[in-house]
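The values are calculated or read from the model by the stated rules, or taken from the named source; none is laboratory data. Just so it is clear, the structure is predicted and the values come from calculations on it, not from any experiment. No Cβ is skipped: glycine too gets one built from the backbone with ideal geometry, and neighbour counts run over all protein chains shown. Heavy atoms of the whole protein, side chains included, go into the accessibility calculation; ligands, DNA and RNA do not. Shrake-Rupley method; radii C 1.70, N 1.55, O 1.52, S 1.80 Å.
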Amino acid sequence: NEGPPRSDTMILLTIDPLTKTAGMMSIPRDLWVNIPGFGYSRINTAYSSGEGAKLPGGGPELARKTVENFIGVPIQYYAQIDFNAFVEFIDLIGCVEVDVPETLRLDRQGSGNDKFILQAGENRKLCGEKALAYVRYRKDKEGDVARSRRQQAVILAIRDKVLAPENFASLLGEADD
């Protein structure tokens, strides 16, 4: 609540329409990079630097340029999703199912006051706030590496949910036949 926020997560998504393939690469939030016009800092500060300096395009544009310069790949589009939009979207699509490799003690709000246990197992149903707590958790022994795996698993679960034939028509507002 003090100044512009930092990026919580950055994931580079590539799509090749010719081969119909896609790939994801999580970018560690503490990666030390050169932020154009600001010098070296953690990559998750690019967004707040752009917002704070009121640059054209703000934080999203500076974060995009920073990632583009570091990776060496042009970034044509970006999506900016806040925590509330994430929660609402997961609830809108009817939750997601993910394989949870280990039992975790998660904090629903990130405040430390609303903890719950997510048991290990296959196809665990995660709705809005629980899904957010799952993708943000990083206090296990692998830290951000495991966190990146969880985030990518949820993105794939979203893809599977949205593209499932039984859900696709209803998400587009079409009547069932």
Worksheet item: So what are the radius of gyration and Dmax for the Cα set of the range 1-53, in Å?
Response: 14.1, 45
Worksheet entry | Assigned charges on the beta-carbon of Lys, Arg, Asp, Glu; the chain dipole about Cα centre (debye) | 720
Fill in: Per-peptide average of other Cβ atoms within 10 Å, ordering 60-66, 5-11 highest first
60-66, 5-11
Fill in: Ordering of 41-49, 19-27, 148-156 by packing [mean C-beta count within 10 Å, highest first]
41-49, 148-156, 19-27
Response to the item:
From the Cα centre of the range 1-38 to that of the range 49-109, the distance in Å is 8
Worksheet item: What is the total of Lys pairs in the chain with C-alpha atoms under 24 Å apart, excluding same-chain pairs fewer than 8 positions apart?
Response: 12
Worksheet entry | Residue (of Asn84, Ile15, Leu31) at the positive-pole extreme of the chain, dipole from beta-carbon charges | Leu31
Discussion item. Whole-Hz ³J(HN,Hα) for each residue in the range 118-133, computed from phi via Karplus 6.51 cos²θ - 1.76 cosθ + 1.60 with θ = phi - 60°, x for glycine and proline: what do you get?
Written reply: 10, 6, 4, x, 8, 6, 6, 7, 10, 9, x, 5, 5, 5, 5, 4
Worksheet item: Once you charge only the Cβ atoms, +1 for Lys and Arg and -1 for Asp and Glu, what is the size of the charge dipole of the range 79-148 about its Cα centre, to the nearest 20 debye?
Response: 240
Practice prompt. Enter the accessible area per residue of the chain (Å², integer; probe 1.4 Å; all protein chains in place).
Written response: 65
Worksheet item: Computed from these coordinates, which is mean projected area of the Cα convex hull in nm²: (1) 12.7; (2) 14.5; (3) 13.9?
Response: (1)
